[in-house]
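Engineer: Sending over a structure as structure tokens; questions will come in a sec.
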Amino acid sequence: MQNTTRRRFLAISTAAVAAPLVIPRSVLGTPQAPGANDTVTVAAIGLGGRYNDIHRSAVMPTKTAKVVAVSEFFKPRIDSFLKANDGQGIKGYDDFRKMIETEKPDGIMAMTATHQRAWVAAIGMQMGAHLYIEKPMCLTIEEGRYLVNAAKKYKRVTQVGTQQRSLPLCNWACDLIADGAIGKIRFVEAPNFVGPNTWTDQPPQPYPDGMNDEVWDLWTNQAKFRPYHRDLQYGWDRWWDYDAGGTCFGVSGWGTHSYDQVNRVLRMNDSGPTSIVLLEPCEIRESGKFANSKYDDDDTGVDYYGMARVTGPRAEMRMLFENNPLGVDNRVELRLNLDGDRGPGLGCIVTGETGKIEINRHKLSSNPKELVAKLPEDAQKQIENKGAETTYHFANWIECIKSGERCNADIEYGQRSTTLCELVNIVRATAEVRRRVIWDPVAERFTNNDKGNDMLSRPRRKGYELPELT
């Protein structure tokens, strides 16, 4: 186990702003890039439940990759992971910078809490590693654009954890729509996800074993420093300061998947909406209204992930996408109107001139039914192997590290899907009901919503600034 102190950790971090400490053999475009038969070495940062699941379901089954080290601020998680994976030759570090410097991995997996993720990813890319980053990849729209620019500058192969872009079933359905199976698109429907809650100050709680002032400072990262509370450490995804609403059926938790599917369907992978309308005041509401309802024959349902009944800030909205080659008169309306217990919790419903297709990760439905009655072999195999969706995605990242090709969920695509989630929260917080706000997807700014522009970034605590791209 490699140990450090906060003072040494931040000293190392400061040094990296000036120049990378190491350049692993995987730097894109060099003769030392991994060959077709090489094993790609990977290091993981953040050992919560998400990485443990991916390690078992995707990383270990991928024979062309090997995890050489893991890192985590909270040491008990390192001990637990190493004990559960004894015999795999994996080393543990509580200083991810020291881990990269020592192990020189080809790629890193940034699996931390959302508010820590961009900082970890930026330093890792600057030190020479390719990047797999869990979704949502950033806390703000400006932070996400910084990561895109960093990946371009350092020529890193990037994969954002919106794994439906690697699923044969989802991609086949998107291409089917693009090929005109339902005519020109009239509109798209997606879930009306709940947003994040605001943390109310609580009496401080004693640190658990393995936590202290230095570790809690590192964990807090860019966010406002608050006294320790278990609901922050383990429930960070519920609170605005740490995430954009990741609780079940939350905007950035599941919404990143659903809205990314919208972008894939509309071929708006590197663009976004041009205007947004809030249809009702944002209020604390349940995500579902019809918990005991029966599904229609062409409804995929949401029989997983417990999305049906959660409560949070919520309001129905519309987004307009223009200059879309698949739409009527190059304009398509996205309706964020589906409840948590109806429709595709991890996808969308696309209605065209001659029918509709519903995409929901491992299941499709259509009207007329024959549209999706016969699936290609790889899509059918995916359905039979339900639950292994990240295997496709991780393997794609590894292969792209070798080939230098763009990943299925490149960081630009991740920025655009995350931006949709952020726009939902920002417009709910700042816009007048039924007043159209104009969004410039090129400049990534509002043209008539100054309050919204103020929410595109956040102040960062000293010591946790993002490195300059020099």
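Engineer: If you go through region 446-454 one residue at a time, do you hit one that is surrounded by fewer than 20 Cβ atoms within 10 Å (Cβ to Cβ), touching a strand residue (DSSP E or B) at 6+ places or on another chain (Cβ under 7 Å), assigned to a loop (DSSP other than H, G, I, E, B) and among the hydroxyl-bearing types (Ser, Thr, Tyr)?
Structural biologist: Looking for residues that are surrounded by fewer than 20 Cβ atoms within 10 Å (Cβ to Cβ), touching a strand residue (DSSP E or B) at 6+ places or on another chain (Cβ under 7 Å), assigned to a loop (DSSP other than H, G, I, E, B) and among the hydroxyl-bearing types (Ser, Thr, Tyr), one finds at least one in region 446-454, hence yes.
Engineer: Of the residues that make up region 392-409, is at least one in contact with a helix residue (DSSP H, G or I) (Cβ under 8 Å, 6 or more places away or on another chain), more than 19 Å from residue 122 (Cβ to Cβ) and aromatic (Phe, Trp, Tyr)?
Structural biologist: Scanning region 392-409 turns up at least one residue that is in contact with a helix residue (DSSP H, G or I) (Cβ under 8 Å, 6 or more places away or on another chain), more than 19 Å from residue 122 (Cβ to Cβ) and aromatic (Phe, Trp, Tyr).
Engineer: When both residues are 6+ apart or on different chains and their Cβ atoms are under 8 Å apart, which pairs have a first residue that lies in region 363-383 and is farther than 14 Å from residue 171 by Cα, and a second that is at pLDDT below 90 and not aromatic (Phe, Trp, Tyr)?
Structural biologist: 365/297; 365/298; 365/299; 365/300; 366/298; 367/298; 369/297; 369/298
Engineer: Now, a different point. Do you know which of the residues in region 282-339 that are at negative phi, aromatic (Phe, Trp, Tyr) and at pLDDT below 65 is nearest to the chain's Cα centre (by Cα)?
Structural biologist: For region 282-339, the residue satisfying everything is 304.
Engineer: Right, something else. If you go through region 244-269 one residue at a time, how many are of a type outside the set (S, T, N, Q), in a loop (DSSP other than H, G, I, E, B) and modelled with pLDDT of 90 or more?
Structural biologist: Matching residues across region 244-269 total 3.
Engineer: While we're looking at this one, here's another question. Which ones in region 392-413 are outside any helix (DSSP H, G or I) and more than 19 Å from the chain's Cα centre (by Cα)?
Structural biologist: Step one: of region 392-413, the residues outside any helix (DSSP H, G or I) are 404-410.
Of everything in region 392-413, those that are outside any helix (DSSP H, G or I) and more than 19 Å from the chain's Cα centre (by Cα) turn out to be 404, 405.
Engineer: Which members of region 195-237 meet the condition of being touching a strand residue (DSSP E or B) at 6+ places or on another chain (Cβ under 9 Å), part of a helix (DSSP H, G or I) and loosely packed, with under 13 Cβ neighbours inside 10 Å?
Structural biologist: Scanning region 195-237 gives a single hit, 231.
Engineer: Further question on the same structure: Just one of 91, 104 is touching a residue at least 60 places away in the same chain (Cβ under 8 Å), touching a Lys or Arg at 6+ places or on another chain (Cβ under 9 Å) and open to solvent by 20 Å² or more (accessible area, probe 1.4 Å); which is it? So that I can check it myself, show each step before the final result.
Structural biologist: Working: 91 fails: touching a Lys or Arg at 6+ places or on another chain (Cβ under 9 Å).
One residue alone meets the criteria, 104.
Engineer: If I filter region 340-349 for residues that are part of a strand (DSSP E or B), out of contact with any Leu (no Cβ under 7 Å at 6 or more places or on another chain) and surrounded by fewer than 20 Cβ atoms within 10 Å (Cβ to Cβ), do I get at least one hit? Give the derivation first.
Structural biologist: Filtering region 340-349 for residues part of a strand (DSSP E or B) gives 348-349.
Okay, now just the ones that are also out of contact with any Leu (no Cβ under 7 Å at 6 or more places or on another chain), so 348-349.
Imposing the further condition that a residue be surrounded by fewer than 20 Cβ atoms within 10 Å (Cβ to Cβ) reduces the set to none.
Scanning region 340-349 turns up no residue that is part of a strand (DSSP E or B), out of contact with any Leu (no Cβ under 7 Å at 6 or more places or on another chain) and surrounded by fewer than 20 Cβ atoms within 10 Å (Cβ to Cβ).
Engineer: So which of 97, 117 is in a helix (DSSP H, G or I) and under 13 Å from the mean Cα position of the chain (by Cα)? First the steps, then the outcome.
Structural biologist: Working: 97 fails: under 13 Å from the mean Cα position of the chain (by Cα).
One residue alone meets the criteria, 117.
Engineer: Here is a list: 261, 202. Which entry is under 21 Å from residue 317 (Cα atoms) and polar (S, T, N, Q)?
Structural biologist: Numbers: 202 fails: under 21 Å from residue 317 (Cα atoms).
When all the criteria are applied, what remains is 261.
Engineer: Continuing with the same structure: Going by the structure shown, is residue 139 part of a strand (DSSP E or B) and touching a helix residue (DSSP H, G or I) at 6+ places or on another chain (Cβ under 6 Å)? I'd like the intermediate steps shown before the answer.
Structural biologist: Values: part of a strand (DSSP E or B): no; touching a helix residue (DSSP H, G or I) at 6+ places or on another chain (Cβ under 6 Å): yes.
Answer is no for this residue.
Engineer: Next question. Just to be sure I understand the filter: pairs with C-beta atoms under 6 Å, separated by 6 or more residues or on different chains, first member in region 168-183 and over 14 Å from residue 378 (Cα atoms) and open to solvent by 10 Å² or more (accessible area, probe 1.4 Å), second member small (Gly, Ala, Ser) and outside any helix (DSSP H, G or I). Which pairs pass?
Structural biologist: 183/352
Engineer: Turning to a different aspect of this structure: Have a look at 375, 466 and point out the one that is closer than 15 Å to residue 140 by Cα and outside any helix (DSSP H, G or I).
Structural biologist: Details: 375 fails: closer than 15 Å to residue 140 by Cα.
After ruling out the rest, the residue left standing is 466.
Engineer: When you go through 416, 435 one by one, which is the residue that is assigned to a loop (DSSP other than H, G, I, E, B) and either over 27 Å from residue 166 (Cα atoms) or not hydrophobic (A, V, I, L, M, F, W, C) (or both)? Spell out how you get there, then give the answer.
Structural biologist: Details: 416 fails: assigned to a loop (DSSP other than H, G, I, E, B).
Step by step, each of 416, 435 is checked, and only 435 is assigned to a loop (DSSP other than H, G, I, E, B) and either over 27 Å from residue 166 (Cα atoms) or not hydrophobic (A, V, I, L, M, F, W, C) (or both).
Engineer: Also, I was wondering about something else. Given (1) assigned to a loop (DSSP other than H, G, I, E, B); (2) open to solvent by 20 Å² or more (accessible area, probe 1.4 Å), where does residue 335 come up short, assuming only one miss?
Structural biologist: Failed condition: (1).
Engineer: May I pose another question? Output the residues belonging to region 66-86 that are closer than 19 Å to residue 211 by Cβ, among the hydrophobic types (A, V, I, L, M, F, W, C) and either outside any helix (DSSP H, G or I) or open to solvent by 70 Å² or more (accessible area, probe 1.4 Å) (or both).
Structural biologist: Hits for region 66-86 are 70, 73, 74.
Engineer: Moving on to the next point. I need the full set of residues from region 184-194 which are outside any strand (DSSP E or B) and either within 22 Å of the chain's Cα centre (by Cα) or free of Cβ contacts under 8 Å to residues at least 12 places away in the same chain (or both), in order please.
Structural biologist: Residues satisfying the conditions are 192, 193.
Engineer: Return the total of residues in region 38-67 being within 22 Å of the chain's Cα centre (by Cα), among the basic types (Lys, Arg) and within 23 Å of residue 123 (Cβ to Cβ).
Structural biologist: Qualifying residue count for the region: 1.
The values are calculated or read from the model by the stated rules, or taken from the named source; none is laboratory data. In this text the structure is predicted, and so the values were computed from the model without any measurement. Neighbour counts run over all protein chains shown; Cβ positions are idealised from the backbone, glycine included. Surface areas here come from the heavy atoms of the whole protein model, side chains and all, with no ligands, DNA or RNA. Shrake-Rupley method; radii C 1.70, N 1.55, O 1.52, S 1.80 Å.
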